[in-house]
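Encoded as structure tokens, the structure appears first; notes follow it.
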Amino acid sequence: MFGLGWPEVLIILGVFVLIFGPKKIPEVGSALGKTLRGFKDEIEATDDPETLSDEDS
């Protein structure tokens, strides 16, 4: 995972919790999930030429 070991990952997660707080983490995770889902949908739409022709007309 990007050359990171478990100790580094735990430190990053600890800093993440300190910055956002435990109550904000589900909101951040949800926003990240929606962003990735939207990005995936856009990538799939650009790969499908039939979808592109429907959007252009």
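Couplings 3J(HN,Hα) of segment 13-18, computed from phi: 5, x, 5, 4, 5, 5 Hz, in residue order, whole Hz [Karplus 6.51 cos²θ - 1.76 cosθ + 1.60, θ = phi - 60°; x for Gly and Pro].
Model label points for A31 and F2, set 7 angstrom from Cα along the Cα-to-Cβ axis, are 1.8 nm apart.
Each reported figure results from applying straightforward, stated rules to the coordinates on display, with no laboratory input. The shown structure was predicted, so the numbers you read here are calculated from the model rather than taken from an experiment. Quick reminder, even Gly has a Cβ in these numbers, built from the backbone with ideal geometry, and neighbours come from all protein chains shown.
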